[in-house]
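K.L.:
Submitted below is the structure of interest, expressed as structure tokens.
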Amino acid sequence: MKTELNPTALALEYIRREAAQLTPAQFLTRVRQLQLEFADLMELTSLELREEISFAHRLGIH
């Protein structure tokens, strides 16, 4: 069983949990966008990641 986290797996899991209905084109666009976002987040240090979470929390993004 492969359990390594990667941006693609995280993007697909994120979309799976969203309630929005997407067309195939919207789905691919969303996957690519999320892949880039998750790849960026995975490169952060623990401190940088905590700062990002704190900033999102202050903006009301949960």
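K.L.:
Can you tell me which residue among E43, E52 is over 10 Å from the mean Cα position of the chain (by Cα) and surrounded by 11 or more Cβ atoms within 10 Å (Cβ to Cβ)?
P.N.:
Exactly one of E43, E52 is over 10 Å from the mean Cα position of the chain (by Cα) and surrounded by 11 or more Cβ atoms within 10 Å (Cβ to Cβ), namely E52.
K.L.:
Same structure again: Report every pair of residues separated by at least 6 positions or lying on different chains whose Cβ atoms are under 9 Å apart, first residue within the stretch 4-15 and among the polar types (S, T, N, Q), second surrounded by fewer than 14 Cβ atoms within 10 Å (Cβ to Cβ).
P.N.:
If the second residue must be surrounded by fewer than 14 Cβ atoms within 10 Å (Cβ to Cβ), the pairs left are N6/M42.
K.L.:
Six or more apart or on different chains, Cβ atoms under 9 Å: show the pairs whose first residue is in the stretch 34-56 and more than 19 Å from L5 (Cα to Cα) and whose second is open to solvent by 90 Å² or more (accessible area, probe 1.4 Å).
P.N.:
Correct list of pairs: F55/I61; A56/H62.
The values are calculated or read from the model by the stated rules, or taken from the named source; none is laboratory data. Remember, it's a predicted structure, so these values are computed and weren't measured experimentally. Cβ: placed from backbone, ideal geometry, glycine included. Neighbour counts: every protein chain shown. What goes into the accessible areas is simple: the full protein's heavy atoms, side chains included, and nothing from ligands, DNA or RNA. Shrake-Rupley method; radii C 1.70, N 1.55, O 1.52, S 1.80 Å.
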